[in-house]
Every structure is written in C-alpha cells, then in structure tokens.
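The structure appears right after this line, and notes come after that.
The values are calculated or read from the model by the stated rules, or taken from the named source; none is laboratory data. Predicted model, so just to flag it, every value in this text is computed and none were measured. Reconstructed Cβ throughout: ideal geometry from the backbone, glycine too, with neighbour counts over all protein chains shown. Remember, those area values only see protein heavy atoms, side chains included, never the ligands or the DNA or RNA. Shrake-Rupley method; radii C 1.70, N 1.55, O 1.52, S 1.80 Å.
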Amino acid sequence: MKLDADSQEIERLRDELRKHEHQYYVLDQPLISDAEYDRMMRRLQELERTHPETVTPDSPTQRVGGAPRSGTGTVPHSSPMLSLDNALNEEELAAFDRRVHELLQAAPEGRTPFRYVAELKLDGLSMAVRYRASQLAIAITRGDGREGEVVTENARTIRSLPLSVHGEFPDMEARGEVVMPRPAFEAVNHQREIEGLSLFANPRNAAAGTLRMLDSRVTASRRLDYYAYYLLQDGQPALDSQWESLDTLEQLGFKVNPHRKLCNDVGELLAVIREWGALREQLPYEIDGVVVKVDSRRQQEALGSTAKAPRWAIAFKYAAVQVETELERITVQVGRTGALTPVANLRPVEVSGVTVSRATLHNMDEIERLGVAEGDTVLIERSGDVIPKVLRVVQQGRHRRFFTMPAECPVCGGNVVREPGEVAYRCVNANCPAKIRETLLHFASRSVMDIDGLGDVIVDQLLTRELVRNPADLYRLTVEQIEALDRMGRKSAENLVAAIAGSRNQPLPRVISALGIRFVGERTAQLLAAAFPGMDELMAASEEELQRADEIGPKVARCIRDFFADAHNRAFVEELREAGLQFRFHSPAAIARVEGVAGKTFVLTGTLPSLSREDAKARIEAVGGKVTGSVSGKTDFVLAGADPGSKLERAQTLGVRVIDEAEFLSMLGSASPGD
Ligand code: IVH
C-alpha cells in the first residue's frame with residue numbers, strides 16, 4: 001500500500017529519535033520536550049506495527065527489552081580485560097610516575113613526547129561492546145577478565161549506548177563502565193523497600209545486578225548509563241593515543257566522560273586530581289578515583305602489562321568520604337542466630353549524595369572501644385556502601401546516655417546470654433520471632449535458595465498470619481494464600497509460588513547453607529557437600545568424621561553435630577526432604593577423588609593456555625583438591641601459566657613443585673568438571 005511514504009517517514013523518525021536520544025542521554029542537552037519525544041516514538045511504533053518487516057535491530061523502538069532469557073552464556077574477550085593497580089596517596093602516584101620514566105628511559109620509545117591522560121574512575125562495572133558492520137553485535141561483562149557473561153539484550157536498553165556507530169570503525173570494540181546514576185539508584189532502592197526486597201548496598205551493586213538481570217524489561221525500566229574509555233580493533237588499541245581514542249569514541253556516538261585531561265607531568269596530574277576531588281560530591285554518579293594512563297600507545301606497549309594490570313596505568317583512589325553527625329540513639333537488632341547487634345541511629349546526614357541515618361556498631365566490645373554514648377557527635381565514613389561505619393567520637397554530648405545490652409530480647413523477651421569467649425550477646429529462645437524471620441530471609445536470599453520476591457515485607461506478613469513457622473512451610477503455600485496478602489496481585493502470587501517451587505532444584509551445598517547452622521556459610525557448605533555424598537551421611541557424621549573434611553575444625557564440627565543432634569532440627573530437615581529439596585550431591589562422579597590431586601593444595605599463577613582460572617579451580621575442587629591464594633610450605637603444586645609473577649619465584653625458593661597445564665591435565669586423567 002502506501003509503504004513508500006511510510007518507510008520514508010519511518011526512516012525520518014528513526015533519525016530524529018536517534019539524534020534526540022544522543023542529545024538527551026549522551027550530551028545531556030535535550031532539544032525537545034519529553035512529550036514531543038514520546039509522540040515521535042509512539043508514531044514510529046505505530047508505523048512499525050503496520051510494517052513489521054521494516055524493523056531493524058538499531059531502531060530506537062528496540063531498546064525496551066524482550067522476554068526473559070533462560071540462562072547465561074560466557075564468551076572469551078578479544079584480549080584480557082585487565083584491572084588496575086592502585087595508588088592510595090600522592091606519594092604512591094609519584095612512585096608510579098618515577099617507575100614509568102625509568103622503564104621508558106631504557107626503551108627507545110621513551111624519547112617520544114610524553115603525556116598522561118587523566119580520567120575519572122567511575123564506580124560501576126566494566127563492559128565490552130563489539131560492533132559488526134556498524135551494528136551492536138554483542139555486549140560482554142568483564143567476568144574474570146578472560147571471558148565474560150553475554151548481556152547484549154540488557155545492554156541494548158541503555159539509552160546512552162549507541163545501537164549502531166557511524167564513521168570509520170564499522171568493526172570495533174569499545175570498553176567502558178556501566179554505572180547507575182545516583183537518582184536512579186535511590187529510586188530503585190525506594191521501590192525495593194516498598195516491595196520488601198533487600199536493598200542494594202551501593203550504586204555499583206545495583207548496576208551489576210541490573211545489567212545481569214534475566215529479564216531485560218527490568219533492565220530497561222531502570223536507568224543505566226555507559227561511558228566508553230577504550231577503543232579496540234581485533235583486541236588491540238585502534239589508535240595511537242588514548243586521548244585520540246576518547247575523542248574518536250565521542251565522534252562514533254559514545255558517551256565519553258567530559259572530565260578528562262592531558263597532563264604533561266605528575267604535578268599537573270595532582271592538580272586535576274585535587275580539582276576533581278572537590279567536584280566529587282556534585283557528580284550525579286559515584287566515582288572512586290582518577291585513572292591515570294600513559295597517552296602514547298607505543299609507550300604503553302614498551303611498558304607492557306603484568307598478568308593482572310598494565311604498567312602504563314594506575315588508579316588513584318580518593319579516600320572515603322567522612323562526615324560528622326549526632327548519634328541519637330542506640331537500638332538493638334536480633335539476627336538469625338539470636339545475636340543482638342547494636343545499631344547507631346544517626347541524625348540523617350548526606351554522605352556523597354546518599355542520606356545516611358544508620359550505622360552498625362557491631363557489638364558491645366566495639367561500643368567500648370569507641371567509648372561512644374547516645375548524644376555524642378561521631379565521625380562516620382561511607383566507603384561506597386550505604387551502611388557506613390562509625391570511626392570515632394568527635395565530641396561528647398552534653399547529656400550522654402550510655403548503652404547497656406538489654407538483659408531480655410527486645411523482640412520476644414527471652415533471656416539474653418553471652419557465652420564465655422564470645423563477643424556476641426544472644427537471645428536463647430529458639431522460637432524468637434526475630435530469629436524465625438531472619439532464618440526465613442536467609443533461606444530465601446540470593447546466595448542461598450535464591451527465591452525471587454520473598455523479601456521482608458512478605459515474610460513479615462506470612463509470619464503474622466501464621467502461614468509459615470519455618471522455611472519448610474514455604475513449599476506448602478498456595479497462590480490463594482499469597483494473593484490474600486497486602487499489595488499482592490494474582491500474577492505476583494503466582495510468580496512467588498513458582499519461585500519457591502523452582503528453588504527445589506538448588507544443589508546440595510545451598511540446601512546445607514540454607515539450614516542456618518552456625519559457622520556454615522556458602523563456602524563451608526560447599527566443602528561439606530564435597531566431603532559427603534548427601535545430607536544423610538552429613539547428618540550421621542561424627543565430630544571426628546566431620547573434621548576429616550577440608551578446613552572443618554573442631555568448633556565448626558561441634559556446631560554441626562549439635563545442630564543435627566537437636567530433635568527440632570532433625571524434624572525440620574525431614575520436612576525439607578518431604579518438600580522435595582536436593583539431598584544428594586548432583587553429580588556423584590564430580591567428587592570422585594582423583595589420586596594425586598585429592599587432598600592436595602594448589603596455587604594458580606599466570607595465564608594458562610586453555611583453561612581459565614575458574615575452570616582450573618573447579619576441576620581441582622571437583623576431584624577433592626584445594627586451591628589457595630598464596631604459596632607456602634603447605635602448597636603441594638603451583639600451576640603456572642604465562643607471565644606467572646612472584647608466586648612462581650616463591651615456589652622455586654620454597655622448592656614447591658611447579659607444573660604446567662599439560663601436566664595438570666594429565667594428572668586429572670579423564671576427569672572433567674560436571675562429569
Ligand atoms: S581503564 C587496562 N578507565 O576500574 C585498562 N578503567 O580497577 C583498565 N574504571 O575494571 C581499565 N573508570 O571497571 C579504566 N576511566 C576508566 C575507568 C576504569 C572506571 C574501572 C574499570 C576497571 C577498574 C580497574
């Protein structure tokens with residue numbers, strides 16, 4: 001029909017919308033009103049509905065997110081995404097500068113003109129985006145630096161990330177930082193509070209959580225931003241200097257942070273670092289420092305990299321922000337184990353753009369160490385997280401009130417005791433509602449059974465309506481029961497029931513940590529699951545048998561024993577079995593002990609030819625070996641790859657056996673993870 005006229009209009013609308021998106025999201029200079037933009041967008045959507053065959057992946061309508069993806073995949077990076085060494089003060093920066101000059105003196109490239117580029121160090125997560133034939137093809141998180149998670153659908157919803165690039169680099173890769181601006185962060189947390197979900201501790205975690213969502217429509221509903229700082233082609237820097245790269249990225253349509261400066265020497269660097277430090281509070285996003293990079297690519301190459309970080313760049317870190325405020329009251333929170341944690345209730349104060357009104361005081365010893373009382377003015381520090389810490393008393397209040405631990409639990413009135421040799425005071429009532437509440441929240445939390453949508457508001461209602469007494473009851477809840485709760489619709493009730501049912505598939509280590517045994521967190525639960533074939537063997541194990549498992553000492557062994565000796569706990573475990581939870585290790589062969597590896601301690605160093613660090617670690621652990629971070633007399637093997645660093649030297653000094661990947665694989669025989 002009138003496709004010709006329509007397709008012309010479609011093209012025109014797309015161009016217009018792209019231009020205005022760039023003006024609004026990249027340049028922060030809108031030229032038209034939001035209403036006008038929405039009108040054009042609706043018109044384009046209407047036309048595309050009439051002519052679906054005209055829809056292209058880079059149409060501005062394609063940023064809304066699509067159906068949830070089922071899982072995640074990883075792909076290798078075109079070249080490693082390294083991290084940066086830190087300079088924590090001006091002297092350390094000066095030392096970096098001296099080292100750069102010394103190293104360049106030895107190299108002929110050292111004589112070309114020398115400059116640094118200073119950029120803000122944005123506090124988010126890094127992401128690589130690759131374009132093929134000018135179109136956004138794939139977006140990958142940093143992951144372990146060698147390979148990352150594919151997040152293309154979610155990245156497409158970031159309005160400041162171009163879906164297509166114009167100009168001379170149709171096949172290129174940009175690397176940069178995904179951040180969540182402070183206002184978006186506050187909005188997300190506010191919403192989560194209403195929904196009873198746990199809050200994000202800081203914008204960085206919120207950005208990471210949002211970028212890695214399975215449902216890109218949720219990503220689209222939150223505002224993320226992308227700032228590019230690195231331009232590559234085939235895994236190599238595309239241009240001869242960093243400064244030129246930043247300008248080119250900007251021309252290609254990327255958002256590049258305007259706070260960037262060419263500096264001739266360390267004196268100029270220090271001047272901009274101080275200048276930006278003063279600006280820090282006013283920026284709409286969080287930064288944690290300034291990245292300093294040698295500008296010339298040839299000089300960068302001459303300086304090279306270690307396995308972890310380039311020698312041509314360093315991150316200058318700003319000190320955490322500290323402010324003074326009044327400590328109005330000290331209240332007490334009761335945790336899952338019954339521990340009473342004193343909490344400082346502060347006169348609300350703004351710390352780097354976030355309103356802070358509470359800080360943890362950890363325990364009674366800490367209160368005594370600080371010598372703090374209600375009414376005092378205290379110095380608090382926020383180092384990225386929303387919950388700050390109290391550093392010291394600045395001025396004692398005129399009417400000080402000293403805090404004492406209550407003798408009775410503030411929640412249930414039960415007895416409070418302090419076991420000899422323990423710091424914490426605990427409520428001893430096994431049926432204390434606070435303990436039950438925290439046990440349920442722990443059970444549902446992301447790193448345990450990962451039940452999406454079961455936050456504190458819902459848990460509180462389930463408890464007051466006596467629908468649950470312990471986590472096993474969750475598996476008996478019906479859609480009708482949940483739908484009857486406040487602010488719950490049919491759909492969310494169905495989702496929650498599905499999420500609870502889905503958690504039945506969580507593997508044994510998570511089920512073990514879900515039990516809430518003291519000292520048995522994620523890692524210990526994994527070690528236990530590797531040492532025992534299933535829950536029954538774990539329950540039946542004696543203290544001696546438990547201690548034979550890796551890293552399980554007498555204290556933990558006793559706690560596990562005590563837990564399973566208790567009749568209530570045994571009944572609880574039986575209820576979980578009836579609910580259908582995983583009581584056996586998923587893949588019995590995966591814990592088959594391989595002679596020569598089982599029980600041995602490995603240290604990994606350098607880059608292996610085919611295995612990533614995670615793979616190597618998983619393979620060692622799967623056959624009963626252990627991986628630690630540093631070489632000591634207890635190390636059995638150092639598995640070394642390219643650019644091994646100081647661990648190799650230490651292994652040689654200590655006479656620890658060093659093996660390469662080939663030797664390692666032959667030790668494993670045919671064993672591979674997940675067999
Ligand atoms: S350059 C080899 N530039 O800081 C190049 N990184 O600690 C390494 N970051 O993983 C990265 N702003 O996530 C670079 N302007 C910037 C940055 C930046 C933030 C992050 C990035 C990196 C981490 C390194």
- Query: Near the amide H of residue 86, under 5 Å away, which other amide H atoms are found, from residues 5 or more places off or on another chain, if H is placed in the peptide plane?
  - Reply: 315
- Query: With the other protein chains left in place, how much accessible area per residue, in square angstrom, belongs to the chain at a 1.4 angstrom probe?
  - Reply: 48
- Task: Quick one: accessible surface of residue 555, probe radius 1.4 Å, all protein chains present, in square angstrom to the nearest 10.
- Result: 120
- Item | Estimated translational D of region 286-376 in µm²/s (Stokes, Kirkwood radius over Cα pairs; 37 °C; 0.692 mPa s) | 192
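Please report, as a whole percent, how much of the solvent-accessible surface of the chain comes from carbon and sulfur atoms (probe radius 1.4 Å).
Numbers: 16000 of 32350 Å².
Here carbon and sulfur together make up 49 percent of the probe-accessible area.
Antiparallel DSSP bridges in region 590-647: what percent, to the nearest 5? Numbers along the way, then the final one.
Details: 1 of 8 bridges.
Once the DSSP bridges in region 590-647 are tallied, antiparallel ones form about 10 percent.
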- Task: Please work through the chain and write down the cysteines that have no neighbouring cysteine Cβ at a distance under 4.7 Å.
- Result: 263, 559
- Going by alpha carbons, how many degrees (0 to 90, nearest 10) lie between the helix axis of 34-50 and the longest principal axis of the chain? 90
- Query: Please identify the GluC sites (Glu not before Pro) of region 77-131 that satisfy two criteria: DSSP loop assignment and at most 10 other Cβ atoms within 10 Å. Which are they?
  - Reply: none
- Message: Averaged across orientations, what area in nm² does the convex hull of the alpha carbons in the chain project?
- Response: 36.0
- Item | Simple Cβ-charge dipole of the chain, Lys/Arg +1 and Asp/Glu -1, about Cα centre, in debye nearest 20 | 840
- Task: May I ask which residue of 359, 299, 334 lies farthest towards the positive end of the charge dipole of region 216-365, with charges of +1 (Lys, Arg) and -1 (Asp, Glu) on Cβ and the Cα centre as origin?
- Result: 334
- With the dipole of the chain defined by +1 on each Lys or Arg Cβ and -1 on each Asp or Glu Cβ, the option from 412, 118, 496 whose Cα lies farthest towards the positive pole is 412
- Note on the structure: Filtering trypsin sites (Lys or Arg not before Pro) in region 1-104 by DSSP loop and by at most 11 other Cβ atoms within 10 Å leaves 2
- Among the trypsin sites (Lys or Arg not before Pro) in region 432-524, which ones are in a DSSP loop with at most 12 other Cβ atoms within 10 Å of the Cβ? Mind listing them? 446, 465, 487
- Accessible area of residue 653, 1.4 Å probe, to the nearest 10 Å²? 120
- Note on the structure: Of all DSSP beta bridges with both partners in the chain, the antiparallel percent, nearest 5, is 85
- Task: Quick one: grab the alpha carbon gyration tensor of region 218-284, order the square roots of its eigenvalues as a ≥ b ≥ c, and give me rounded if a/c is under 1.5, else prolate or oblate depending on whether a/b is larger than b/c.
- Result: oblate
- Grab the other residues whose beta carbon is less than 15 angstrom from that of residue 410, score K and R as +1, D and E as -1, and report the net. +2
- Note on the structure: Dipole check, the chain, charges on Cβ (K,R +1; D,E -1), about Cα centroid: among 237, 25, 150 the Cα furthest to the positive pole belongs to 150
- Message: Explain nothing, just the number: dipole magnitude of region 45-171 about its Cα centre with +1 on each Lys and Arg Cβ and -1 on each Asp and Glu Cβ, in debye rounded to the nearest 20.
- Response: 240
